[in-house]
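The values are calculated or read from the model by the stated rules, or taken from the named source; none is laboratory data. Keep in mind that what you see is a predicted model, and the values were worked out from it rather than measured. We place every Cβ from the backbone using ideal geometry, glycine too, and count neighbours over all the protein chains shown.
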Amino acid sequence: MSEREDVKTTDPMQATAAAAAVDTAAPGEAENLRQELEAAKERALRVQAELENYRKRMRREMDDERRYAQLPLLKELLPVIDNIGRAVQAAEKSSDGAGLLDGVKLVAQQLEGVLSRHHCTRIAALHQPFDPHLHEAILQQPNGEHPPGTVLQVTQEGYQLHERVVRPAQVIVSAAPTA
């Protein structure tokens, strides 16, 4: 085996050094070395592109993780808001709980404000077209006033964090009236 054949490598630096020795090599061997150099350069470029794609993908994933890191906390807060809403409804029906009603309404507004500051918003549902990505239909009711597939009533509010649904709104949807 000649000294030139030992120089074959995939390392671009070694291939460049080998290409410099081409001047003293045989014509066929010089062409082989040039081809190896080009192949090594192509591999190096491909690896660089793959690394850059990996970095971009990891950056996107980390941004998503940061953006939705509060999701578990928000899921735990939503039942509290539901209960406060129920307390407000019960206090509105009772005539002797005016002070309690005002206090509970204030707490409910504070919680809504906290959620809003953390980009958690209510999903608009009432009288909207049913969207299975945002709403969970629990019942269909025949209704002549609204077109089929329209939300008639919201039984449980839905929330989303940025564009991701934390909890879908539970709704009653209109159906075509029966004959």
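Just a few scattered comments:
- Counting the residues of the range 162-179 that are without any contact (Cβ under 8 Å) to a residue 24 or more places away in the chain and over 21 Å from LEU152 (Cα atoms) gives 1.
- Applying the criterion of being surrounded by 12 or more Cβ atoms within 10 Å (Cβ to Cβ) and small (Gly, Ala, Ser) to the residues of the range 126-179, the residue that is nearest to LEU71 (Cα to Cα) is GLY158.
Let's see how each residue does on (1) at pLDDT 85 or above; (2) assigned to a helix (DSSP H, G or I); (3) in contact with a strand residue (DSSP E or B) (Cβ under 6 Å, 6 or more places away or on another chain); (4) not β-branched (Val, Ile, Thr):
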residue: GLY28; (1), (2), (3), (4): no, yes, no, yes
residue: LEU37; (1), (2), (3), (4): yes, yes, no, yes
residue: LYS41; (1), (2), (3), (4): yes, yes, no, yes
residue: VAL47; (1), (2), (3), (4): yes, yes, no, no
residue: VAL104; (1), (2), (3), (4): no, yes, no, no
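- Flag for GLN140 being polar (S, T, N, Q) and within 15 Å of GLY85 (Cβ to Cβ): no
- Some residue of the range 66-77 being touching a residue at least 60 places away in the same chain (Cβ under 8 Å), part of a loop (DSSP other than H, G, I, E, B) and touching a strand residue (DSSP E or B) at 6+ places or on another chain (Cβ under 9 Å): yes
- Condition broken by PRO148, with the remaining ones in (1) in contact with a strand residue (DSSP E or B) (Cβ under 8 Å, 6 or more places away or on another chain); (2) within 25 Å of PRO79 (Cβ to Cβ) satisfied: (2)
- Residue under evaluation GLY113, criteria (1) assigned by TED's automatic domain parsing to the domain that holds THR178; (2) within 20 Å of ARG67 (Cα to Cα), criterion not met: (1)
- Scanning the range 65-106 for residues that are among the hydrophobic types (A, V, I, L, M, F, W, C) and farther than 24 Å from VAL165 by Cα yields a total of 9.
Residue-by-condition table, conditions (1) out of contact with any strand residue (DSSP E or B) (no Cβ under 8 Å at 6 or more places or on another chain); (2) at pLDDT 80 or above; (3) over 30 Å from THR155 (Cα atoms); (4) in the same structural domain as HIS162 (by TED's automatic domain parsing):
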{"residue": "THR10", "(1), (2), (3), (4)": "yes, no, yes, no"}
{"residue": "GLU31", "(1), (2), (3), (4)": "yes, yes, yes, no"}
{"residue": "LYS56", "(1), (2), (3), (4)": "yes, yes, yes, no"}
{"residue": "ASP82", "(1), (2), (3), (4)": "no, yes, no, no"}
{"residue": "GLY85", "(1), (2), (3), (4)": "yes, yes, no, no"}
{"residue": "GLY99", "(1), (2), (3), (4)": "yes, no, no, no"}
